[in-house]
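The values are calculated or read from the model by the stated rules, or taken from the named source; none is laboratory data. Values in this document were obtained by computation on a predicted structure and should not be read as measured data. With ideal geometry, Cβ positions are generated from the backbone for all residues, glycine too; neighbour counts draw on all protein chains shown.
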Amino acid sequence: MNLALTNKVVLITGANGGIGQAISLAFIQEGATLLAGYRGDVSKLDELKSMLTADQQNQVKPIHLDLGNIAQCKVAIDEAVDHFGAIDVLVNCAGTAIEKPFLLTEFDEIDKQTTANFTAPIKLTQLVLKHMMLNRKGSVINVSSVHGFRFGRGVAVYAANKSAIERFTQALALEVGRNGIRVNAVCPGMIETKMIQSLQKNMPPDILKRCPISRPGKPHEIANAVLFLASETMSSYITGTTLVVDGGISI
């Protein structure tokens with residue numbers, strides 16, 4: 001099925017992470033131009049590039065985004081738009097979680113999580129949205145988590161941040177819909193990534209037995225949901241929603 005994503009310019013933060021990498025591969029396979037957001041050294045994208053053909057590597061443009069330095073992000077985004085003409089899709093995927101009882105969580109750890117999971121993504125969204133508004137089209141997709149409304153033990157700050165992202169998604173969708181911009185979120189459940197493995201320590205040992213599908217999810221299953229929401233062919237009338245992809249574990 002043609003998702004009409006060929007030659008679309010897609011910015012993904014955290015493109016080197018477990019879910020971010022799967023999303024990146026999915027867009028590349030659909031023929032999109034990928035602005036692969038990374039923090040630190042560009043070598044973080046080496047694993048992603050190793051999975052691509054030579055032609056596919058030409059579809060990838062690494063973009064350094066230090067989400068703790070929004071001024072740097074603005075310069076990088078403006079340069080990308082000057083070069084490619086637009087950013088059609090923004091996927092806010094970068095994030096971090098600290099598994100720790102709330103009373104033992106240091107204030108700097110609270111600040112770190114809130115910046116990575118909420119403040120930085122919404123600031124980045126504003127920077128990209130200014131360009132989308134000029135073109136009167138675009139799609140913003142925020143990657144949330146089932147922790148936003150379930151399984152909060154040991155991750156109170158992370159859970160609060162993800163819940164806030166989902167409310168931000170709804171409010172922003174209401175604000176910019178008339179300008180041709182859709183804003184949605186994807187809410188992964190127990191997905192096989194390093195982050196989830198660390199968060200699982202404080203979850204009930206039989207957690208997967210509660211899942212109707214009785215297995216953890218795969219990163220590509222989240223990527224497919226993101227492709228769906230990014231595609232004007234498939235989801236042109238969907239905005240302000242959170243698509244829960246959790247195998248039914250939150251039922």
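Descriptive notes on the structure:
- Scanning the range 229-251 for residues that are in a helix (DSSP H, G or I) and surrounded by 18 or more Cβ atoms within 10 Å (Cβ to Cβ) returns L229, A230, S235.
- Extreme residue, surrounded by the most Cβ atoms within 10 Å (Cβ to Cβ), among residues of the range 6-64 that are of a type in the set (A, V, I, L, M) and assigned to a loop (DSSP other than H, G, I, E, B): A15
- Selection within the range 88-113 - under 22 Å from S139 (Cβ atoms), of a type outside the set (D, E) and touching a Lys or Arg at 6+ places or on another chain (Cβ under 9 Å): V89, A94, G95
- Qualifying residue in the range 75-92 (condition: touching a helix residue (DSSP H, G or I) at 6+ places or on another chain (Cβ under 6 Å), modelled with pLDDT of 95 or more, in a helix (DSSP H, G or I) and closer than 20 Å to L129 by Cα): yes
- Which listed residue, of A26, A94, is within 24 Å of I165 (Cα to Cα), in contact with a strand residue (DSSP E or B) (Cβ under 8 Å, 6 or more places away or on another chain) and of a type in the set (G, A, S): A94
- Within the range 174-195, residues that are within 22 Å of E232 (Cα to Cα) reach partners that are among the acidic types (D, E) and at pLDDT 95 or above with beta carbons closer than 6 Å, at six or more positions or on different chains, in the pairs A185/E166.
- Among the residues of the range 116-130, none qualifies, meaning not one is part of a loop (DSSP other than H, G, I, E, B) and surrounded by fewer than 21 Cβ atoms within 10 Å (Cβ to Cβ).
- When the criteria are applied in full, S145 fails the requirement of being among the polar types (S, T, N, Q), buried (at least 23 other Cβ atoms within 10 Å of the Cβ), in contact with a strand residue (DSSP E or B) (Cβ under 8 Å, 6 or more places away or on another chain) and touching a residue at least 60 places away in the same chain (Cβ under 8 Å).
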